[in-house]
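Okay, structure first, notes after.
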Amino acid sequence: MTKKIPVDLLLFDGTMDGIVLATRKGFNAKALKIPRSKLSEAAEEIKKCNVGVYFLFSEETVIGVETLYIGESENLYKRLQQHGVNKLDWITAIAFCSPDLNKTVIKYIEKKLFDAVKTNGHNATIQKAAASIAISEADTLFADSFMDEIRLSLSVFGYVALQKTEKSSDLYYCKSKDADAAGFRSTNGFTVQQGSVVSSTTTPTFKKCSYRILREALEQAGMIKDFVFQQDYRFNSPSAAASVIIGHNCNGLHEWRTAVGVKLGDVVN
């Protein structure tokens, strides 16, 4: 059974597109989403709890693959001000802070966040990837709990960088000419597995299809290299996945089949 989790949101501008503060009763921590253009307006709120870690999100160039910078500071507002001047490509900052944090713990969390985001297939950079950081057992438990809060807040704000890769034993297959792919139904979409092979050719009509742009973006990002998926990738729909793989616009409910040939559409319906 899905666990219900209460989260309190304060919308500074009356919309999720503006400054948003996320807190939870019983947790001495908060998350603050700040559009770059509103950094100065968030100064007072940031300074109330100025020690923590932060993400700088750039514009998404590949659907489902986020590009972000991860950092830490004992003076979050000053650091974000510096990034506002020096880093040109970010559009949204999300800061996570707690008065219970210290320099050693935030360095530990920063490294763990970087590793998790990279493992999940997103584009992450960090000023300097530290080696393994030794902290006490008590601090480790607190840091892991704080990371759970970060993961929850990011999801509330609409970001997927820390969402763990889903796995399933109920696989479907898409094959056509030299294309040979496997995947599974996942939350809000369809995930194609690492090692799946896409068609080396596309049809003339595919040039006018929006999925062509997606396929080219995946190739440019290195998600597809030499016609092979380099890691699991979640598409928004089975049709998007099948179209990219086969190289023409198609209905994924017909193209994806079980090992014994049952269409995905028949399973769903």
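Throughout, read-outs are computed from the coordinates displayed, never taken from laboratory work. Note that the structure is a prediction, hence the values are computed from the model and not measured. Cβ: placed from backbone, ideal geometry, glycine included. Neighbour counts: every protein chain shown.
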*Which three semi-axes in whole Å describe the equivalent ellipsoid of the chain, each the square root of 5 times a Cα gyration tensor eigenvalue, listed largest first?*
39, 20, 18
*Calculate the spin-label point distance for N28 paired with L141, positioning each point 7 Å from the Cα along the beta-carbon direction, and give it in nanometres.*
1.5
*Average Cα contact separation per residue, segment 8-157, under 8 Å, 6 or more apart, as relative contact order %*: 23
*Beta bridge orientation in the chain: antiparallel %, DSSP, nearest 5*: 90
*By its C-alpha gyration tensor, with a ≥ b ≥ c as the square roots of the eigenvalues, how is segment 37-84 shaped: rounded for a/c under 1.5, else prolate for a/b larger than b/c, else oblate?*
prolate
*Between Q220 and I91, what FRET efficiency comes out of the Förster formula 1/(1 + (r/R0)^6) with R0 = 25 Å and r the beta carbon distance, rounded to 0.05?*
0.80
*Label point 7 Å out from M16 along Cα-to-Cβ: which residues of segment 28-54 have amide N under 19 Å?*
31-36
*Report the percentage of all Cα-Cα pairs in segment 31-135 whose separation exceeds 22 Å, rounded to a whole percent.*
28
*the chain: angle of helix 210-220 to the longest principal axis, Cα-based, in degrees nearest 10*: 60
_For the chain, built as a Gaussian network whose Cα springs stay under 10 Å, the top-fluctuating residue of L141, L68, L154_ = L141
*asked:* Principal axis extents for segment 137-204, Cα atoms only, whole Å, descending order, please.
replied: 56, 25, 19
*Measure out, as a whole number of angstrom, how far apart the alpha-carbon centroids of segment 4-57 and segment 214-269 sit.*
37
_Disulfide-incompatible cysteines by the Cβ rule (no partner under 4.7 Å) in the chain_ = C174, C209, C250
